[in-house]
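J.: Take this structure first; my questions come after.
The values are calculated or read from the model by the stated rules, or taken from the named source; none is laboratory data. Values in this document were obtained by computation on a predicted structure and should not be read as measured data. Every residue, glycine as well, gets a Cβ built from its backbone with ideal geometry; the counts of neighbours run over all protein chains shown. Heavy atoms of the whole protein, side chains included, go into the accessibility calculation; ligands, DNA and RNA do not. Shrake-Rupley method; radii C 1.70, N 1.55, O 1.52, S 1.80 Å.
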Amino acid sequence: MTSYAHGTSDTPLLGDTIGANLDRAVARWPDRDALVDVPSGRRWTYAQFASDVDELAYALMASGIAAGDRVGIWAVNCPEWVLVQYATARIGAVMVNINPAYRTHEVEYVLNQAGISLLFASLSHKASDYRAMVDEVRGRCPQLRETVFIGDPSWDALTARGTPVPFPELSCDDPINIQYTSGTTGFPKGATLSHHNILNNGYFVGELIAYSEQDRVCVPVPFYHCFGMVMGNLAATSHGACVVIPAPSFEPAATLRAVAEERCTSLYGVPTMFIAELNLPDFATYDLSSLRTGIMAGSPCPVEVMKRVVAEMHMAEVSICYGMTETSPVSLQTRREDDLEHRTGTVGRVLPHIEVKVVDPATGVTQPRGSAGELCTRGYSVMLGYWQQPEKTAESVDAGRWIHSGDLAVMREDGYVEIVGRIKDMIIRGGENIYPREIEEFLYAHPKIADVQVVGVPHERYGEEVLACVIPHEDTEPPTLAELRAFCEGRLAHYKIPSRLQVLDAFPMTVSGKVRKVELRERYAGEQ
């Protein structure tokens, strides 16, 4: 039997746009909660949420934003993020997600590469002063016409412009979202996604954990990522469920407090988030009895953690998901009835209406079940392409419309898939995907560094951490880790900044002259 599986289903794909799907939810459940922001105490019924979405959509149109124009959002989790998501989809504008951890170096690239004309941004969060960073890069971003800050008079000034006019007619295949994934070419690539891509993916992820209008979904994962905005927001609104925002960014105590106060039935997180929640000294004082399900994704879940999540957090139906931004994101998911071994030893089986296969990376031939190879996905979920990068798209999506994940996988006889390694050098730190090339390109600018290679090495808490192996310039004092980190601070997202440094005279090389990164990883894996 070959390592190929197709998700047959009696439930048809949705042919809606996101706006039309929201309208159907409002018609069925106008008075049910759609969105609750625990920090501010604000809450919206479906009718109120749709009204505010439309108000913002009218304002965007009055500001000259048309279908196909790019609107950026650089913000932490808040209700306005969700309003921007649905308002841009309503008018066919392309919402560009910008990681709130990005610094000036990264945000300038995204603003220009996507051609963003209007930017929504948080005012500040923790150490980030977004207004100051926008002021710094604005002059180098000629297409950026306007910036609207959330929680600032500029938001009210924008919404006051709107007057009701007919919304444009849209196709469900129109692009409406760009999500930047860390690139191997030194800069991120913008995965371009349609209504059809992400609405259906959110809908079927929700179907597999039996969402209904009775569900209340606690979303502590970031909206800027598919986990928050697709598996969270779209899975909820396509089923009449409620999205609960516990905090602007992840805080374990705030998350459990939100679950208890809002009687949430579902909770999301990467394994490190669940570990942090379980390890709270007062964990036992939170009433989590309303929970029944949730989603864990981002990295494998340790067996002991999963046991505690099921037993102590009441999440008997918790689901594991696997995918990539380029596939909207979920391709594989465990089912409600799956046993502990399948939830911890695999990343599930194929979603409805999607195909997956495991191929020999060298020949492209589908492997027998039980043999390792590269995991590939095909179906409605595959992105339209990388924004304005057709060559990069062709490197990932082949002539048969299969997208190649770069992950090594084994498909079991029962169709469940194990991820066993990575072909590419991607580092996964606490659920964040990091591509070394981007960091290397940046560190080449350091005055003391002649050459640099970045690899991931094991880390007890985050799964992996970033190690920079550097060769200093001749006759130059090698950089210290503190110097390296100071050089990155404010210019690279915090999770990309190397936490370890190794100074070398030379790198291990292959016969053909390529650096042997695998040897660097193995050499320093055990050192702390």
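J.: Heavy-atom accessible area per residue, segment 312-418, 1.4 Å probe: how many Å²?
T.: 36
J.: Segment 423-528: which GluC sites (Glu not before Pro) are DSSP loop and have at most 12 other beta-carbon atoms within 10 angstrom? Working shown, then result.
T.: Working: sites: 432, 438, 440, 441, 460, 464, 465, 474, 483, 489, 519, 522, 527; in loops: 460, 474, 489, 527.
Sparse-neighbourhood loop GluC sites (Glu not before Pro): 460, 474, 489, 527.
J.: Something else now. Let's see if you can work this out: charge +1 on each Lys and Arg Cβ, -1 on each Asp and Glu Cβ, no other charges. What is the dipole magnitude of the chain about its Cα centre, in debye to the nearest 20? It would help to have the intermediate numbers written out before the result.
T.: Numbers: 46 positive and 67 negative charges, 49 e Å.
Charge dipole, the chain, about its Cα centre: 240 debye, nearest 20.
J.: Could you pull out the GluC sites (Glu not before Pro) across segment 128-212 that fall in loop regions by DSSP (anything but H, G, I, E, B) with no more than 15 other Cβ atoms inside 10 Å?
T.: On the way: sites: 136, 146, 169, 207; in loops: 169.
Sparse-neighbourhood loop GluC sites (Glu not before Pro): 169.
J.: Next question, about the same structure. Net charge around residue 211, counting only other residues with Cβ within less than 12 Å of its Cβ (Lys, Arg = +1; Asp, Glu = -1)?
T.: On the way: positive: 216, 292, 336; negative: 207, 213, 215, 317.
So the environment of residue 211 carries a net charge of -1.
J.: Starting from the amide H of residue 491, placed 1.01 Å from N in the peptide plane, find each other amide H under 5 Å away whose residue is 5 or more places distant or on another chain.
T.: Here nothing satisfies the definition.
J.: Another question about this same structure. Summing +1 for each Lys or Arg and -1 for each Asp or Glu, what net charge is found among the other residues whose Cβ lies under 13 Å from the Cβ of residue 118?
T.: Working: positive: 70, 138, 145, 161; negative: 69, 146.
Around residue 118, the charge tally is +2.
J.: Using θ = phi - 60° and the Karplus relation 6.51 cos²θ - 1.76 cosθ + 1.60, list the HN-Hα couplings for segment 383-396 in order, rounded to whole Hz, with x at every Gly or Pro.
T.: Result, rounded to whole Hz: 3, 5, x, 7, 4, 6, 9, x, 5, 5, 4, 5, 6, 9.
J.: Among bridges DSSP assigns within segment 81-203, what percent are antiparallel (round to 5)?
T.: Details: 8 of 15 bridges.
If I count the DSSP bridges inside segment 81-203, around 55 percent turn out antiparallel.
J.: Mind checking the per residue accessible area of segment 170-255 for me, 1.4 Å probe, whole number of Å²?
T.: On the way: 1630 Å² over 86 residues.
Solvent-accessible surface per residue comes out at 19 Å².
J.: Just going by the charge dipole of the chain, with Lys and Arg at +1 and Asp and Glu at -1 on Cβ, which of 130, 403, 313 is farthest out on the positive end?
T.: Farthest towards the positive pole: 403.
J.: Take the residue pairs 189/496; 126/189; 126/448 and return only those whose Cα atoms are more than 24 Å apart. List each step's numbers first, then the result.
T.: Details: 189/496 16 Å; 126/189 27 Å; 126/448 31 Å.
Table pairs above 24 Å Cα-Cα are 126/189; 126/448.
J.: I need the shape label for segment 72-149. Rule: rounded when a/c is under 1.5, else prolate if a/b > b/c, else oblate, with a, b, c from the alpha carbon gyration tensor.
T.: Taking the square roots of the gyration eigenvalues as a ≥ b ≥ c, segment 72-149 is oblate.
J.: Okay, moving on. Under the rule a/c < 1.5 gives rounded, and otherwise a/b versus b/c splits prolate from oblate, where does segment 433-526 land using the Cα gyration tensor? Working shown, then result.
T.: Working: a/c = 1.59, a/b = 1.03, b/c = 1.55.
Oblate is the answer for segment 433-526, as a/c is 1.5 or above yet b/c matches or exceeds a/b.
J.: OK, next. So what's the back-of-envelope 222 nm ellipticity for the chain, counting only DSSP H runs of four-plus at -39500 (n - 2.57) apiece and dividing by all residues, rounded to 500? Let's see the in-between values first.
T.: Values: 15 runs with 147 residues, N = 528.
Helix contribution divided over all residues of the chain: -8000 deg cm²/dmol.
J.: Same structure again: Let me make sure I get this right: for the chain, a, b and c are the square roots of the gyration tensor eigenvalues over alpha carbons, sorted descending. Under 1.5 in a/c it's rounded, otherwise prolate if a/b > b/c, else oblate. Which is it? The partial results should precede the final answer.
T.: Details: a/c = 1.44, a/b = 1.18, b/c = 1.22.
Verdict is rounded for the chain.
J.: Using modelled backbone amide H atoms (1.01 Å from N, in-plane), which distant-in-sequence or interchain residues come within less than 5 Å of residue 72's amide H?
T.: Those qualifying (amide H under 5 Å, at least 5 residues apart or on another chain) are 96, 117, 118, 119, 120.
J.: Now for a different question. Using a 1.4 Å probe on the protein heavy atoms, what percent of the accessible area of segment 58-198 belongs to carbon and sulfur? Show your work: numbers first, answer last.
T.: Values: 2400 of 4610 Å².
So the carbon and sulfur contribution to the accessible surface is 52 percent.
J.: Hey, with R₀ at 22 Å, roughly what FRET efficiency would residue 131 and residue 157 work out to, going by the Cβ-Cβ distance, to 0.05? If you can, show how the numbers build up before the last one.
T.: Working: r = 15 Å, r/R0 = 0.69.
Approximately 0.90, to the nearest 0.05.
J.: How far apart, in nanometres, would the label points at residue 285 and residue 28 be if each is projected 7 angstrom from Cα along the Cα-to-Cβ direction?
T.: It works out to 4.0 nm between the two label points.
J.: Could you give me the ³J(HN,Hα) list for segment 26-39, computed from phi with Karplus coefficients 6.51, -1.76, 1.60 and θ = phi - 60°, whole Hz, x at Gly and Pro?
T.: For segment 26-39, the Karplus curve yields 5, 5, 7, 10, x, 9, 7, 5, 10, 8, 10, 10, 4, x Hz.
J.: Follow-up. No other cysteine beta carbon under 4.7 Å away is the test; run it over the chain and list who passes.
T.: 78, 141, 172, 226, 242, 301, 321, 376, 469, 488
J.: With a sphere of radius 12 Å drawn around the Cβ of residue 321, what net charge do the other residues whose Cβ falls strictly inside it have (Lys, Arg +1; Asp, Glu -1)?
T.: Values: positive: 335, 343, 349; negative: none.
Computed value for this residue: +3.
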